[in-house]
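Here the structure comes first, spelled out in structure tokens, and everything after it is commentary.
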Amino acid sequence: MLRLSREIYGLITFGVLLIAFVLLSGSSGYQKLITSNPDSLEIAPFVEPDFPFISTSIDARKLGTGFPTDNQAARTLAIRLGDSAYVCFDTDLLRWSVAWTRKFMPMTLMHQVSYDDFSNKNNKLATIAGAPQIATGSYAGWVALQGNPPTFAVPTPKNDWMPLPAAEARWNGIYTHGDKVVLNYTVGQTKVMEMPGSLDFNGETAFVRTFKIGSSTDALGLVLAEVTNGTKTQQNSKFAYVYQGANQDTVTAIGLVGKNTKLLQPDVSDNSHLKVRFAPSAQGTEATVMVWKGPARMIKQFEKACKSARIAFPDVQKGGPAYWKEEVTTRGVLSPDTAAFVTDKLTLPLPNPWRRNVRVADVSFFKNGRAAVITFEGDVWLIDGIDRNLQNIQWKRFASGLHETMSIEVVNDEIYIFGREGIVRLHDLNGDDVADYYENFSNVMSQSPEGREWAGDVVPVPEGGFYIAKGGSLSNGPGVTPQVAKGFRKGSKHNGTILKISPDGREAEVIATGFRGPYLGINPKTGVLTASDQQGNFVPSSPIYLVKKGDYYGVSPTEHRTDNPPIAPPLTWIPHHIDQSSIGQAWVTSDKMGPLSGGLIHFSYGRPGLFRVLMDSTSQGIQGGLSMIHADYPAPTSKGTTNPQDGQIYVAGFNLWGSNSKGLSALLRLRYTGKPSYMVDQFEAGKQGIVLSFDSELDAVTATNPDNFQIKRYNYLRTEEYGSGHYKLDGSTGEEPMFVSAAYLSPDRRKVLLLVPEMKEVMQMEVNYQITAKDGHKIADEFWFTVNYLEDIAPAKYGFTNVDYTQLTARRNVLEKPKEVASAEKGKAIFTKTACAGCHSEGTRTKGMYGPPFQGLYGAKRPLEDGSTVIADDAYLRESILNPTAKIVKGYNPEMPSFQGILSDTDIESVILFVKSLGEK
């Protein structure tokens with residue numbers, strides 16, 4: 001049990017001040033709990049005792065003597081069978097990977113270790129904690145038998161992290177029914193329903209598999225267990241045994257239960273594999289098989305248990321009892337209308353009756369304005385009562401047990417979730433607002449158990465189906481596949497790609513490759529697809545892409561091609577100090593968001609906040625830029641969408657990876673107040689300079705003063721190193737300040753033409769401006785963009801007249817900047833501006849930090865990954881800033897970009913002084 005402090009809890013609940021009480025909610029059958037704000041909040045364990053499964057990977061390669069060593073699975077259901085009996089069912093290969101007793105599983109995956117230790121990123125491979133009893137290797141658990149008579153050979157091992165071909169077998173989904181689950185799959189053309197369970201007899205535990213098998217023209221084969229140290233076998237019409245040990249005193253056994261066994265035949269092959277054959281049946285059949293490992297002296301008791309067992313198969317297709325009958329009511333916090341765009345807080349359901357943490361990752365809407373959110377812990381919540389005032393927000397738990405989920409979409413009022421298990425469609429079969437069936441809509445994308453191969457994003461295709469984004473298999477976590485490049489493991493064949501999933505979910509088409517960590521946005525009307533990527537190895541800074549089929553985006557470990565494709569340019573790059581961690585995008589599909597209506601929004605996890613994305617179309621292609629939507633963002637912003645009822649943008653996000661925000665999670669409404677907006681709403685970069693258009697009319701005096709605009713440009717260098725420094729166009733390090741020779745204001749007073757000599761194609765340009773709006777509002781802001789193509793500007797189309805291009809060759813007298821003086825104060829400002837604070841603490845904090853803390857760093861002995869040590873003196877700090885991968889501190893990953901060409905010598909000296917000011921060793 002974790003107890004949160006008032007400070008942390010305040011970040012979660014956003015100041016809710018209501019008194020807790022319980023009401024009955026009329027005809028709904030739910031209890032209402034009004035959220036309170038106590039001194040502390042208790043969070044229950046990740047695994048809930050009343051819910052029967054979690055989705056997980058499993059590493060069962062080291063179960064011990066007698067068990068197969070080739071036994072891993074990326075997509076399994078860990079199912080509670082009894083008080084101390086469990087199984088992992090591999091949904092890719094339709095097999096029982098491992099069944100065990102006593103303790104369940106250590107919670108070691110990313111969403112589990114961070115569930116109640118919010119900054120913990122030290123995930124490990126998933127294993128069992130108890131005593132293994134039954135296991136199979138990495139091959140198909142079921143096969144449709146061929147031949148006359150049909151032969152039943154153990155299938156060939158399969159390690160490509162793909163599901164079985166649908167023609168051979170397909171996972172269909174899982175029904176929940178109280179403490180039971182029923183697995184639904186197809187073998188060949190035969191439908192199979194399986195209820196796993198356990199049975200205790202004479203102090204022993206047997207595992208029970210009860211089947212409803214549909215009509216079939218094929219014989220079916222099922223592998224129940226593999227024993228690698230078998231010494232003798234026995235079998236008859238109802239039982240089969242493999243004896244183990246030098247004295248043959250241990251046995252693994254299978255037995256047919258009840259009298260309805262004439263279509264089943266136990267079998268043993270190679271002194272190893274215990275199997276059952278199912279004969280074809282036009283009517284189908286129901287059957288139960290028990291599997292047990294224990295002392296050979298208990299065989300008679302096992303046989304007796306098989307003969308006497310009576311298993312009832314529930315009617316799961318009508319739905320089961322609701323797991324969560326309460327609803328939680330919270331009161332939102334409205335922002336005062338102080339700007340054109342403000343953020344209202346939809347207070348999260350904390351505390352709640354299940355003491356469940358709630359870290360919202362994505363949000364989607366039904367047609368009537370009801371919302372659904374997915375949490376990183378794998379829960380789905382439904383939200384009612386979203387109105388103008390947000391004073392009666394009702395939260396209901398709808399589903400659980402999903403695996404590191406970061407994406408949710410409601411399509412035609414059906415809920416789809418994308419996690420490591422694939423795309424899951426949720427069904428409420430009895431109308432009680434709790435999911436009863438977790439349907440496998442699509443698992444045709446590959447998924448390895450690598451700790452950093454995220455199921456990143458899913459968006460619906462207007463004509464049906466989905467696009468999905470698969471994260472690259474990053475090597476900064478626990479690994480199961482070989483390292484193939486700096487920062488990357490081999491992973492699955494779809495890691496670092498964007499795929500298009502067919503409308504029926506049965507086919508996947510690779511659309512684009514070469515990503516590190518892509519997230520998506522789609523225009524639901526036009527189908528225009530966008531993606532961001534994450535700065536890191538092979539990605540010099542965060543980009544935004546207009547995705548085209550067949551494009552390759554530059555990350556060679558996820559190229560998945562052999563034709564040496566060119567690297568497609570991004571719509572725009574984003575400087576590291578502006579957004580060091582990009583996530584999703586969303587198109588504003590309403591006309592109620594003022595100047596943002598119809599536009600594209602980009603979400604920054606690291607800053608955090610929302611950006612307005614603009615596009616500049618040329619005859620050669622499209623290039624883009626972006627500006628910040630200034631508002632209050634109390635937690636990282638990940639993904640969002642338009643509410644079809646109020647037309648506003650709703651934003652979800654939670655904190656775990658590097659972010660400047662310390663808030664744990666938030667669900668926000670970006671609301672347009674009707675007040676004036678002063679953002680850039682259009683731009684063009686051309687041979688003669690730059691045109692910036694604004695939402696509001698400008699003051700002519702300040703808008704036509706060239707000194708009010710500061711411009712610089714630079715390139716990045718794409719290498720295998722993490723991120724990139726800044727480079728001038730001649731290849732030397734640094735940034736090039738640009739000369740604004742003249743500024744013109746259009747007749748409508750909304751557009752400024754900046755004449756800029758020597759415009760060139762460049763990866764990054766920044767415009768910083770200090771001007772005044774016509775209404776007197778002071779505007780001090782920035783605009784960042786990329787110049788992929790240069791063409792002549794046509795000033796007349798904007799209304800500019802009498803533009804004097806001779807000024808492009810004239811030089812103005814510009815006041816020389818005063819010489820910079822290094823100081824600790826300046827160093828602290830750089831520490832904040834360049835996003836160092838997102839990875840390094842200026843105190844001693846290490847939780848949630850990607851880099852070492854700064855307090856007491858100067859002069860300290862630093863242990864390095866290569867076993868050597870170094871003293872953190874001036875030279876070491878300078879090298880770490882300019883070449884951060886030269887010396888990696890033990891226990892930390894090489895995930896810091898170079899500040900080569902970004903920070904001046906004075907800046908670096910100031911940062912060193914700041915570090916010194918935090919105390920010396």
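Here are a few things to note about the model shown:
- Subset of segment 468-486 (residues that are outside any loop (DSSP other than H, G, I, E, B), surrounded by fewer than 24 Cβ atoms within 10 Å (Cβ to Cβ) and in contact with a strand residue (DSSP E or B) (Cβ under 8 Å, 6 or more places away or on another chain)): Gln483, Ala485
- Applying the condition of being part of a loop (DSSP other than H, G, I, E, B) and among the hydroxyl-bearing types (Ser, Thr, Tyr) to segment 54-81 and asking which residue is surrounded by the most Cβ atoms within 10 Å (Cβ to Cβ) yields Thr69.
- Criterion (closer than 30 Å to Pro336 by Cα and of a type in the set (S, T, N, Q)) met by exactly one of Ser665, Ser732, Ser724: Ser665
- Residue list for segment 50-90, filter: within 19 Å of Trp142 (Cα to Cα) and without any contact (Cβ under 8 Å) to a residue 24 or more places away in the chain: Thr76
- Enumeration of residues in segment 614-641 that are of a type in the set (Val, Ile, Thr), touching a strand residue (DSSP E or B) at 6+ places or on another chain (Cβ under 6 Å) and more than 21 Å from Gly456 (Cα to Cα): Ile622, Ile629
- Close pairs from segment 756-771: first within 14 Å of Leu626 (Cβ to Cβ), partner among the basic types (Lys, Arg) and modelled with pLDDT of 95 or more, Cβ under 8 Å, at least 6 apart: Gln764/Arg713; Met765/Lys712; Met765/Arg713; Glu766/Lys712; Glu766/Arg713
- Verdict on Gly505 being in contact with a helix residue (DSSP H, G or I) (Cβ under 7 Å, 6 or more places away or on another chain), modelled with pLDDT of 95 or more, within 25 Å of Ala166 (Cβ to Cβ) and part of a loop (DSSP other than H, G, I, E, B): no
- Evaluation of Trp171 against (1) closer than 17 Å to Leu220 by Cα; (2) under 31 Å from the mean Cα position of the chain (by Cα); (3) loosely packed, with under 14 Cβ neighbours inside 10 Å; (4) not small (Gly, Ala, Ser) (one fails), failing number: (3)
- Tallying residues that are assigned to a loop (DSSP other than H, G, I, E, B) and within 21 Å of Arg75 (Cβ to Cβ) within segment 151-187 yields 14.
- Among (1) more than 21 Å from Phe538 (Cβ to Cβ); (2) buried (at least 24 other Cβ atoms within 10 Å of the Cβ); (3) touching a Gly at 6+ places or on another chain (Cβ under 8 Å), the one test that Thr572 misses: (1)
- Residues being crowded, with 22+ Cβ neighbours inside 10 Å and either closer than 17 Å to Met406 by Cα or of a type in the set (Asp, Glu) (or both) - total across segment 119-139: 0
- In segment 270-310, residue nearest to Lys212 (Cα to Cα) [restricted to those that are of a type in the set (S, T, N, Q) and surrounded by 15 or more Cβ atoms within 10 Å (Cβ to Cβ)]: Thr285
- Qualifying residues in segment 894-911 (those that are assigned to a loop (DSSP other than H, G, I, E, B) and of a type in the set (S, T, N, Q)) - the one farthest from Lys712 (Cα to Cα): Ser898
- Pair list, Cβ < 6 Å and 6+ apart or interchain, from segment 603-631 residues that are farther than 13 Å from Ile574 by Cβ to residues that are at pLDDT 95 or above and of a type in the set (Lys, Arg): Ile629/Arg612
- Filter result for Ile511 (surrounded by fewer than 22 Cβ atoms within 10 Å (Cβ to Cβ), farther than 21 Å from Asn440 by Cβ and touching a strand residue (DSSP E or B) at 6+ places or on another chain (Cβ under 6 Å)): yes
- Subset of segment 873-899 that is surrounded by 18 or more Cβ atoms within 10 Å (Cβ to Cβ) and under 30 Å from Pro818 (Cβ atoms) - its residue that is modelled with the lowest pLDDT: Pro897
The values are calculated or read from the model by the stated rules, or taken from the named source; none is laboratory data. Small disclaimer: the values here were computed from a predicted structure and weren't measured. Positions of Cβ are generated from backbone atoms using ideal geometry, with glycine treated the same way; all protein chains shown enter the neighbour counts.
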